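Q: This is the structure I want to talk about, given as structure tokens.
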There are 2 protein chains.
Amino acid sequence: MKTLRVPEATVTRLSIYSRYLERLDRNGVTTVSSGEIAEGVGVSPAQVRKDLAYFGEFGTRGVGYNVKDLMRYTKKILGLDQEWPLILVGAGNLGYALCTYKGFNSRGFKIVGVFDNDLTKIGKKIAELEVLPMEKMPEIIQEHKARIGIIAVPPRAAQDVADFMVKNGLEAILNFAPVALNLPEGIEIRNVDLSVKLEILTFNLGFKSAQRL
Amino acid sequence: MKTLRVPEATVTRLSIYSRYLERLDRNGVTTVSSGEIAEGVGVSPAQVRKDLAYFGEFGTRGVGYNVKDLMRYTKKILGLDQEWPLILVGAGNLGYALCTYKGFNSRGFKIVGVFDNDLTKIGKKIAELEVLPMEKMPEIIQEHKARIGIIAVPPRAAQDVADFMVKNGLEAILNFAPVALNLPEGIEIRNVDLSVKLEILTFNLGFKSAQRL
DNA sequence: TAGATTGTTAATCGATTAACAATC
DNA sequence: TAGATTGTTAATCGATTAACAATC
């Protein structure tokens, strides 16, 4: 792997190519061109080739890419050739949905601990897993060698949860609470905001109406 | 509103500024500078001013921005000065979580119909709403003048649901299924992929380990 | 007035695309 | 060989940032 800086957009697309290749493979397709991938996921063929070029040469000129091989390469690049144990905080509706979300399991993600500080939730079961009090987190992190945490709590609690996760050794956080978190250098953090994309839609609908006037 | 093309990243940030301003307002802050907003959401002060400049002049030189006013302006720009009725298809765990998600309501989004084609789900209640069969969708869309649909079904069903939504007049779709949808020109579509950001994290964790070698 | 902060221009930076030699 | 498609370079495009005049 080159130590060149890879644009985050490239990694995002790689994840999408990867899933598309899985589908092609399931459908029995053995060879694919950059143009077909591009068509399938909605980007340009040059984009596909450029993205892949950050990591190596995976195709055959005049022929295209072997679907199975490229699928494996892309998953390997993304780190999906291994299982990733996840620590989840927040056993509300969103937490429940994430626990049962098949899209995680199929990519090698496995939630190994669900935590909450709400006494009415602790002890309940979510898909095989008992909701645990926060104090148990260090133990579970150690047991599974977890490195990634997911925050699915209300905004006001998110920073405390993040601090607690970092204190206990987690290195990366996926945050579903709509707030910017303050974390020490070196901790990877990404936000998933369920409402932002919806607001892009409302913006665009309004914008189009305005232009029609 | 200028008819200039606005970068999508600007709209995304506007949504984030807007939420941050709401928080400042709740905390009783009356005036804020571009530098403080930048600090609060993690971008550069120039970025904040540039983003706002697409839509007008909202500040006072030497002073900053009035929090309440700027909050109202940003919400208006995003189309959040009105209620948006939403049509949701998919009454599984994710659908359930979205129905009860407070982040939607607080921004003026209101799910007015939940649909599924699973007979075991139809008739059940999710937070005041009865899960309806797909055939009822046209009626509900008309009744509420809904323009936006949310897809929370498994990937293989997503395209059919999208086609059905478009056929019944919806103009914009938020898609939680991890597939690229094919839709006619003019239909706004955005995907929310719960797993992609997680894969960016695993990529970065792997990348960092590789660089340490 | 002196200090502060906006709005905006120009410079910089980075990402996408077009084009084509390499090569199957 | 002729046709196809990759990998890569150079050109283009667009977004971010630095800098500063305007002005409170």
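Q: Could you list the GluC sites (Glu not before Pro) in the range B:104-213 that lie in coil according to DSSP, counting only those with at most 16 other Cβ atoms within 10 Å of their Cβ?
A: Those that pass, being in a loop and sparsely packed, are B:E128, B:E185.
Q: Across peptide B:115-123, how many C-beta atoms of other chains are within 10 Å of each residue C-beta, on average?
A: That works out to 0 on average.
Q: Once both labels are modelled 7 Å past Cα along the beta-carbon direction, what's the B:T31-B:E8 spacing in nm?
A: Taking the simple label geometry, B:T31 and B:E8 are separated by 3.9 nm.
Q: For the protein assembly as shown, give the share of DSSP beta bridges that are antiparallel, in percent and rounded to the nearest 5; count only bridges with both residues there.
A: Roughly 20 percent of the beta bridges in the protein assembly as shown run antiparallel, per DSSP.
Q: Something else now. Using only the alpha carbons of the range A:8-77, determine the length spanned along each of the three principal axes and report them from longest to shortest in whole angstroms.
A: 30, 24, 22
Q: Report, by chain and number, residues whose modeled amide H sits under 5 Å from the one on B:F109, excluding near sequence neighbours (fewer than 5 apart, same chain).
A: Sorted by chain and number, the residues that satisfy this are B:W84.
Q: Would you work out the relative contact order for the range A:84-196, in percent, from Cα pairs under 8 angstrom that are 6 or more residues apart?
A: 24 percent
Q: Okay, next question. Picking from A:K125, A:K197, A:K50, which is most flexible by a Gaussian network model of chain A using Cα springs under 10 Å?
A: So, out of A:K125, A:K197, A:K50, the one fluctuating most is A:K197.
Q: Enter the accessible area of A:F164 (Å², nearest 10), with the probe set to 1.4 Å and all protein chains included.
A: Taking all protein chains as shown, A:F164 has close to 50 Å².
Q: Report the local net charge at A:L24: Lys and Arg +1, Asp and Glu -1, summed over other residues whose C-beta lies under 11 Å from its C-beta.
A: For residues surrounding A:L24, the net value is +1.
Q: Let me ask something else about it. If I take all pairs of Cα atoms in chain A, what percentage of them are more than 25 Å from each other?
A: 51 percent
Q: Going by the alpha-carbon gyration tensor, a ≥ b ≥ c the square roots of its eigenvalues, is the protein assembly as shown rounded (a/c under 1.5) or, if a/c is not under 1.5, prolate (a/b greater than b/c) versus oblate?
A: The shape class here is rounded.
Q: Can I ask one more? Can you send over the carbon and sulfur percentage of the accessible area for chain A, probe radius 1.4 Å, protein chains only?
A: That share works out to 50 percent.
Q: Taking 50 Å² as the minimum loss, tell me which residues in the range B:4-22 lose that much accessible area going from the chain by itself to the full protein complex (1.4 Å probe).
A: So the qualifying set is B:V11, B:R19.
Q: Would you mind classifying the range B:6-48 by shape? Square roots of the alpha carbon gyration tensor eigenvalues, ordered a ≥ b ≥ c; an a/c under 1.5 is rounded, otherwise it is prolate if a/b is larger than b/c and oblate if not.
A: Verdict is oblate for the range B:6-48.
Q: Also, I was wondering about something else. Quick one: putting +1 on the C-beta of Lys and Arg, -1 on the C-beta of Asp and Glu, what dipole do you get for the range B:1-132 around its Cα centre, in Debye to the nearest 20?
A: 220 debye
Q: If each DSSP helix of 4+ residues adds -39,500 (n - 2.57) and the sum is divided by the residues in chain A, what number results at 222 nm, nearest 500 deg cm²/dmol?
A: Helices in chain A give a 222 nm mean residue ellipticity of -13500 deg cm²/dmol.
Q: Let me ask something additional. Antiparallel DSSP bridges in chain B: what percent, to the nearest 5?
A: Close to 20 percent.
Q: Find how many whole Å separate the alpha carbon centroid of the range B:1-69 from the alpha carbon centroid of the range A:1-43.
A: Taking the Cα centre of each part, the range A:1-43 and the range B:1-69 sit 36 Å apart.
Q: Also, quick follow-up: Using only alpha-carbon positions, what ratio does the radius of gyration of the range B:149-213 give when scaled by 2.2 N^0.38 Å?
A: 1.53
Q: Output the relative contact order of chain A, whole-number percent, from Cα pairs under 8 angstrom with separation of 6+ residues.
A: 13 percent
Q: Nearest 100 Å², what total accessible surface is buried between chain A and chain B (probe 1.4 Å)?
A: 5600 Å²
Q: Could you give me the ³J(HN,Hα) list for the range B:66-82, computed from phi with Karplus coefficients 6.51, -1.76, 1.60 and θ = phi - 60°, whole Hz, x at Gly and Pro?
A: Ordered by residue, 3J(HN,Hα) equals 6, 4, 4, 5, 5, 4, 5, 4, 4, 5, 4, 4, 6, x, 9, 8, 9 Hz.
Q: Another one. Any idea how far the Cα center of the range B:172-203 sits from the one of the range A:91-148, in Å?
A: 25 Å
Q: State whether the range A:84-196 is rounded, prolate or oblate according to the following rule on the C-alpha gyration tensor (a ≥ b ≥ c being the square roots of its eigenvalues): a/c under 1.5 gives rounded; otherwise a/b larger than b/c gives prolate, and the remaining case gives oblate.
A: The shape class here is rounded.
Q: Anything over 25 Å Cα to Cα? Flag those among A:K50/A:K110; A:K75/B:K197; B:K68/B:K197; A:K76/A:K197; A:K125/A:K197; B:K102/B:K197, in the order listed.
A: A:K50/A:K110; B:K68/B:K197; A:K76/A:K197; A:K125/A:K197
Q: Which whole number gives the average count of other chain Cβ atoms within 10 Å of the Cβ atoms across peptide A:79-86?
A: 3
Q: Next question. So, for chain B, what is the accessible surface per residue at a probe of 1.4 Å, expressed in square angstrom?
A: Ligands and nucleic acids excluded, the figure is 50 Å² per residue.
Q: Ok, one more. What is the dipole size for the protein assembly as shown, taken about its Cα centre, with +1 at each Lys and Arg Cβ and -1 at each Asp and Glu Cβ, in debye to the nearest 20?
A: 620 debye
Q: Add +1 for every Lys or Arg and -1 for every Asp or Glu among the other residues with Cβ under 11 Å from the Cβ of B:L194, and state the total.
A: The answer is +1.
Q: Find which of A:F203, A:V11, A:Y65 sits farthest along the positive direction of the dipole of chain A, computed with +1 on the beta-carbon of Lys and Arg, -1 on that of Asp and Glu, about the Cα centre.
A: Final value for the positive-end residue is A:Y65.
Q: Along the charge dipole of chain A, Cβ charges K/R +1 and D/E -1, which of A:A53, A:I187, A:G113 sits furthest on the positive end?
A: A:A53
The values are calculated or read from the model by the stated rules, or taken from the named source; none is laboratory data. All of these numbers come straight from a predicted model, not from anything done at the bench. We place every Cβ from the backbone using ideal geometry, glycine too, and count neighbours over all the protein chains shown. These area figures cover heavy atoms from the full protein model, side chains too; ligands, DNA and RNA do not enter into them. Shrake-Rupley method; radii C 1.70, N 1.55, O 1.52, S 1.80 Å.
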